[in-house]
1. Select from segment 56-71 the residues that are surrounded by 10 or more Cβ atoms within 10 Å (Cβ to Cβ) and over 20 Å from residue 87 (Cβ atoms) and list them in ascending order.
2. Could you check segment 84-109 and list, in sequence order, the residues that are modelled with pLDDT of 85 or more and not in a loop (DSSP other than H, G, I, E, B)?
3. For segment 49-104, give me each residue that is without any contact (Cβ under 8 Å) to a residue 12 or more places away in the chain and within 16 Å of the ligand (Cβ to nearest atom).
4. With in a helix (DSSP H, G or I), at pLDDT 95 or above, within 27 Å of residue 125 (Cβ to Cβ) and not assigned by TED's automatic domain parsing to the domain that holds residue 125 as the only criterion, which of 61, 46, 68, 21 stands out?
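The values are calculated or read from the model by the stated rules, or taken from the named source; none is laboratory data. This one's a predicted model, so the numbers in the text were calculated from it and none came from an experiment. FYI the Cβ positions are ideal-geometry reconstructions off the backbone, even for glycines, and counts take in every protein chain you see.
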Ligand SMILES: [Zn+2]
């Protein structure tokens, strides 16, 4: 027969088991969601590789540019941030709103304060 201490210990252990089961279920859901996101990103990446390859083959055909010229341009752009790391990163552009003169982030197409459109926006703003 369990004494009071034994029953309390048993109740405490049962609660800990329930908490651990909840955490495990939550973790499994997170893994499933991340796995699905990874699959989607992989598919998008494969599609981008396909489009980039098709674009390069068209450009090469129409312009006569060579692989060496492409590689040289890749090196130049890679080095724009001072590091040859195979990645492109751009310094954050900060603009001043032409209407209210507050700072505008390049991530938003409009001023967060007055709604004025970001007229200084560049094509890759918000992407890089
Ligand atoms: Zn503004």
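1. The answer is 57, 58, 59, 60, 65, 66, 69.
2. Residue satisfying the conditions is 103 alone.
3. Those that are without any contact (Cβ under 8 Å) to a residue 12 or more places away in the chain and within 16 Å of the ligand (Cβ to nearest atom): 96, 101, 103.
4. 46
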